[in-house]
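Working notes, structure below.
The values are calculated or read from the model by the stated rules, or taken from the named source; none is laboratory data. Since we're looking at a predicted model, the values are computed, not measured. No Cβ is skipped: glycine too gets one built from the backbone with ideal geometry, and neighbour counts run over all protein chains shown. Ligands, DNA and RNA are excluded from the accessible area calculation, which covers all protein heavy atoms including side chains. Shrake-Rupley method; radii C 1.70, N 1.55, O 1.52, S 1.80 Å.
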Amino acid sequence: MYNVELAELVWGRRPSGGLSDSVFRRWTQGFVLSQSEATALEQFEGGPCAVIAPVQAYLLKNIMFHSEKPNWRNCTAALAAEELGSERFHTLIQKHTFESVTELKEAVLNQYSTWKNRFGVLLFLYSVILTKGIANIRNEIEDAAEPLIDPVYGHGSQSLINLLLTGYAVLNVWDGDRECSGMKLHGIRNQATIGFLTLMESLRYCKVGTFLKSPKFPIWVLGSETHLTVFFAKEMSLVAPETPWEQARRVFQTYDPEDNGFIPDTLLEDVMRALDLVSEPEYVNIMKNKLDPEGLGIILLGTFLQEFFPEQESTIPESFTVYHYNGLKQSNHNEKVMYVEGTAVVMGFEDPMVRTDDTPVKRCLQTKWPYIELMWNTDRSPSLN
């Protein structure tokens, strides 16, 4: 089966020389568990973290929160390999269709060795795409010509990451849809099971919405400029249900697509209606005067939240155990892929305490917890790259 549509969606339209052998080779690896950490997947080269990190995150979710095994770090491992070029690989792969989840689970278990061999990651990715539907994915990607994997550098796109984390191949990481210069841009549709935080937000290149920042489980894929890792904890209070204050902030920000921290006062009625607040014109005008006493014609986010949704006290414990995963051997101490354990403290801005070192991991986490402090149990902080 050589499915041209599938190959072009993943790798882009084929250049005259075909897909780069070096890029394809970096993606040809199976789901292989570390010999040093029984539940951690190894990544051999740069690129496939866009699949491996989300799979690792869901693997951790199932082991830590849905398994009866007391030791979530205990599992078995294996490895197999086979050499094929991209042309041969795409010619040999076959598609099987199943009519029920039960049939699918049985087939996945029967093909367990396939997921571990040299093409396991790509076969998994192709299975996800074919299950979702090529046309459905193309409809969700803003630029239909943009492939899921960069054919030159081999990095997975944000659309690919979002597809594996949320089931939707949208490009953006904000909540819901936004209008921008007359175009509707799609974001995350609802609360994600696994979260996403990115160093790019600390550099002010983007802003991740609440649906990804506050997932259902305390597991987050962390993005740097070139790599994906996983930060996780067992403390479920970190992902308590969205409070009215958080919902109000999220809704307000959908009317502030450029993240200015304010909206024109003409949109106040729309925001209040979206939050099921009293929105009769007379009352809205009263609130406009109260929220904008100087008559500047804008409503500040902070002022709006303070008026209608006074911030609730945090339910997060004073300190909690956290872990960080990086699948690349060279990014781990002694080149052994292992979880790095540490202790996190989330403080208020007024808390007097000596600040810990400024690291990329910490800067990434500060986009969710601005005053987080991290004390790792190792001599060096874990790496985002």
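Side notes on the structure shown:
- Identification of strands (runs of 3 or more DSSP E) wholly contained in the stretch 100-214 with 2 or more residues that are closer than 30 Å to Ala240 by Cβ yields 195-198.
- Restricting the stretch 292-342 to residues that are part of a strand (DSSP E or B) and polar (S, T, N, Q), the residue that is nearest to Val55 (Cα to Cα) is Thr321.
- Across the stretch 240-263, the qualifying residues are those that are open to solvent by less than 10 Å² (accessible area, probe 1.4 Å) and in a helix (DSSP H, G or I), and the one among them that is farthest from Gly295 (Cα to Cα) is Ala248.
- Scanning the stretch 140-159 for residues that are open to solvent by less than 50 Å² (accessible area, probe 1.4 Å) and closer than 17 Å to Trp174 by Cβ yields Glu140, Ile141, Ser157, Gln158, Ser159.
- Close Cβ contacts (under 6 Å, 6 or more residues apart or on different chains) running from residues in the stretch 241-255 that are on the phi < 0 side of the Ramachandran plot to residues that are open to solvent by 40 Å² or more (accessible area, probe 1.4 Å) and assigned to a helix (DSSP H, G or I) comprise Val251/Ala274; Tyr255/Leu267.
- Candidates are the residues of the stretch 280-304 that are touching a Phe, Trp or Tyr at 6+ places or on another chain (Cβ under 8 Å) and of a type outside the set (Phe, Trp, Tyr); the one that is least open to solvent (accessible area, probe 1.4 Å) is Ile299.
- Residue match in the stretch 187-198 (condition: in contact with a Cys (Cβ under 7 Å, 6 or more places away or on another chain) and not β-branched (Val, Ile, Thr)): yes
- Residue, surrounded by the fewest Cβ atoms within 10 Å (Cβ to Cβ), within the stretch 115-139, restricted to residues that are within 28 Å of Thr39 (Cβ to Cβ) and without any contact (Cβ under 8 Å) to a residue 24 or more places away in the chain: Thr131
This table checks each residue for (1) within 28 Å of Pro382 (Cα to Cα); (2) at pLDDT 90 or above; (3) charged (D, E, K, R); (4) touching a Ser or Thr at 6+ places or on another chain (Cβ under 8 Å).
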{"site": "Leu160", "(1), (2), (3), (4)": "yes, yes, no, no"}
{"site": "Ile188", "(1), (2), (3), (4)": "no, yes, no, yes"}
{"site": "Ile194", "(1), (2), (3), (4)": "yes, yes, no, no"}
{"site": "Leu197", "(1), (2), (3), (4)": "yes, yes, no, yes"}
{"site": "Gly209", "(1), (2), (3), (4)": "yes, yes, no, no"}
{"site": "Pro215", "(1), (2), (3), (4)": "yes, yes, no, yes"}
{"site": "Gly223", "(1), (2), (3), (4)": "yes, yes, no, yes"}
{"site": "Thr226", "(1), (2), (3), (4)": "yes, yes, no, no"}
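- Within the span defined as the stretch 98-105, every residue fails to be exposed (fewer than 12 other Cβ atoms within 10 Å of the Cβ) and touching a helix residue (DSSP H, G or I) at 6+ places or on another chain (Cβ under 9 Å).
- Matching entry among Leu268, Leu277 (being assigned to a helix (DSSP H, G or I), open to solvent by less than 80 Å² (accessible area, probe 1.4 Å) and either in contact (Cβ under 8 Å) with a residue 12 or more places away in the chain or among the charged types (D, E, K, R) (or both)): Leu268
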